Amino acid sequence: MNRSKLFLFFSVFSVVAGFWWLGRPAPSLTVPIEKKKPSFHKGFKITGDTLRPKQPSPKKVLFNEKAAMAIKKDWEGRLLRIQARDKKCLLSAKKLIDKELIVDVNNNFFKKPQKVLDHLWDVYTETLLRIDAEVVFRDFSQTLQSHDVDPQWAYDYLSQLEICRPADSLQFIESVFEACQTHKWGRKSRQELIFLTLGLVENSMGTIYTSENLNFSFGIIYMLMDYDILPKSLQVDVQAMDQRLKELDGDFASAFNKEEGKIENLALLREDLLLKEEISLEFLELVKAYRREYASSVVRQREDEKQAPHH
């Protein structure tokens, strides 16, 4: 091929190639990026220009009947010890208290204060104290935090802890108070009676924060005031607590087991016990303050007796 034909060939080829190159799609200069939310968005929602934690949907708590039965079985066994203590209290009351004696405050027995106080101590400690029930109540309060406790069963169980309240013991206590007033016991005997009885109230109250226990303790204080053994000024504080307790009992009775489910009723029972604990602790502080006052008087009197000359 001569030089002029070769030049013409390359010229045509160059023009065709140029048109082909200019007509092809332009290549993309960007790398495709997969659209993802940054990892810190997990658990958050975008509100306006800020990120706020997502609120999880409330999870419904379900009552587990099988777990509830297991709890019942475990706790029913502990009632045997409570019932044994109650029987012992009743037997002790029968042994210590003469029924004919407690209806006659003019009996010579009641005219000897120290003898009466010694006997009263035995009645208090052997027929009215219930440490076993206090331990069970404390442990049971922890069990009530479970969602799988049947509320009606729990309410009934708590009522079975109200042991060691023999009627004869309570009647004997009132007879002692009446005798103190009737026979005009001396200052020393009166103060020892107060100190001893407030000790009973403090110890029998313990940590069992129930309506029954509060009513028992309120009743003892009311009797002390009725027989002019404690000052009537105490009545204002005790009546205020008593009124709060009555209101709580009314509110609880109107709400418990009324349409709501077991989970809701259990929450009501927990709240009721918590509110009664507040009243109980307030009442115990009042009792302790009075007992400290009379304890000081009793100690001073005993010291005076030791220092007095003997004839």
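The values are calculated or read from the model by the stated rules, or taken from the named source; none is laboratory data. Predicted, not measured: the structure shown is a model, and the values here were computed from it. Quick reminder, even Gly has a Cβ in these numbers, built from the backbone with ideal geometry, and neighbours come from all protein chains shown.
Would you check which residues across segment 96-117 are surrounded by fewer than 12 Cβ atoms within 10 Å (Cβ to Cβ), without any contact (Cβ under 8 Å) to a residue 40 or more places away in the chain and part of a helix (DSSP H, G or I) and list them? Hit for segment 96-117 is Asn108, nothing else. With respect to the stated conditions, Thr197 is of a type in the set (Val, Ile, Thr) and assigned to a helix (DSSP H, G or I). Would you tally the residues in segment 153-182 being of a type in the set (Ser, Thr, Tyr) and either farther than 15 Å from Leu273 by Cα or surrounded by fewer than 15 Cβ atoms within 10 Å (Cβ to Cβ) (or both)? The number of residues fulfilling the criteria is 4. For the structure I just gave you, tell me whether Pro166 is under 30 Å from Asn108 (Cα atoms) and either over 26 Å from the mean Cα position of the chain (by Cα) or touching a residue at least 40 places away in the same chain (Cβ under 8 Å) (or both). Considered against the rule, which asks whether it is under 30 Å from Asn108 (Cα atoms) and either over 26 Å from the mean Cα position of the chain (by Cα) or touching a residue at least 40 places away in the same chain (Cβ under 8 Å) (or both), Pro166 comes out as yes.
Within segment 203-210, does at least one residue satisfy the condition of being under 16 Å from Glu285 (Cα atoms), among the β-branched types (Val, Ile, Thr), outside any helix (DSSP H, G or I) and in contact with a helix residue (DSSP H, G or I) (Cβ under 8 Å, 6 or more places away or on another chain)?
yes
Checking the structure you have, find out if any residue of segment 197-206 is acidic (Asp, Glu), buried (at least 18 other Cβ atoms within 10 Å of the Cβ), out of contact with any Ser or Thr (no Cβ under 7 Å at 6 or more places or on another chain) and closer than 30 Å to Phe140 by Cβ. Within segment 197-206, not a single residue is acidic (Asp, Glu), buried (at least 18 other Cβ atoms within 10 Å of the Cβ), out of contact with any Ser or Thr (no Cβ under 7 Å at 6 or more places or on another chain) and closer than 30 Å to Phe140 by Cβ. Applying the set (1) modelled with pLDDT under 90; (2) surrounded by 12 or more Cβ atoms within 10 Å (Cβ to Cβ) to Asp304 leaves exactly one unmet item: (2). Of all residues in segment 235-284, those satisfying the criterion of being free of Cβ contacts under 8 Å to residues at least 40 places away in the same chain, buried (at least 18 other Cβ atoms within 10 Å of the Cβ) and among the charged types (D, E, K, R) are Asp242, Asp272.
The lone criterion from (1) under 30 Å from Phe256 (Cα atoms); (2) touching a Gly at 6+ places or on another chain (Cβ under 8 Å) left unmet by Asp156 is number (2). Assess whether Leu96 counts as being at pLDDT 95 or above, closer than 19 Å to Ile229 by Cα and in contact with a helix residue (DSSP H, G or I) (Cβ under 9 Å, 6 or more places away or on another chain). For Leu96, the condition - at pLDDT 95 or above, closer than 19 Å to Ile229 by Cα and in contact with a helix residue (DSSP H, G or I) (Cβ under 9 Å, 6 or more places away or on another chain) - is not met. Being touching a residue at least 12 places away in the same chain (Cβ under 8 Å), more than 23 Å from Leu269 (Cβ to Cβ) and assigned to a helix (DSSP H, G or I) is not true of Ala133. Residue count for segment 285-294 satisfying the condition of being within 12 Å of Ile221 (Cβ to Cβ) and surrounded by fewer than 18 Cβ atoms within 10 Å (Cβ to Cβ): 1. Can you name the residue in segment 80-95 that is closer than 12 Å to Pro166 by Cα, in contact (Cβ under 8 Å) with a residue 60 or more places away in the chain and among the hydrophobic types (A, V, I, L, M, F, W, C) and is also surrounded by the most Cβ atoms within 10 Å (Cβ to Cβ) among such residues? The extreme case among them is Ala93. Could you tell me whether any residue of segment 225-235 is of a type in the set (Val, Ile, Thr), over 27 Å from the mean Cα position of the chain (by Cα) and outside any helix (DSSP H, G or I)? Yes, there is a match, as at least one residue in segment 225-235 is of a type in the set (Val, Ile, Thr), over 27 Å from the mean Cα position of the chain (by Cα) and outside any helix (DSSP H, G or I).
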